[in-house]
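Data block below; observations after.
Every read-out reported here was derived from the displayed coordinates using simple, explicitly stated rules and does not represent laboratory data. Keep in mind the model is a prediction, meaning the values are calculated, not measured. Glycine gets a Cβ as well: all are built from the backbone with ideal geometry, and neighbour counts include every protein chain shown.
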């Protein structure tokens, strides 16, 4: 077997191993979703610091879908995944650098609301945040 064929075979083997490793990482780090009815609390902390809790009873798998179902977000923002209005309150970056901080039990989410799986009994917060 010539040297070029050995290099190609080794390269293909390395590529297969790397691909398998990448697929394993995706499989084992992706969040699971649970089918069925869930009750989730979604707390909205307004600009003035007051809060209101919404109890969501849903069969949806993801937070964004449950919020859309409960009419707490709009269809167009849900479709884009970029939320500026939640529960009728708007936070715009162009208005004093305002935005919504979304958290679960006080810990900021690492994914968007459309990718956040929900489980029965969870508590989420949307906190109006502004200023630099």
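The set of residues in segment 58-74 being out of contact with any helix residue (DSSP H, G or I) (no Cβ under 9 Å at 6 or more places or on another chain), buried (at least 17 other Cβ atoms within 10 Å of the Cβ) and under 15 Å from residue 44 (Cβ atoms) consists of 63, 66, 70. For the condition in a strand (DSSP E or B) and under 15 Å from the mean Cα position of the chain (by Cα), residue 115 does not qualify.
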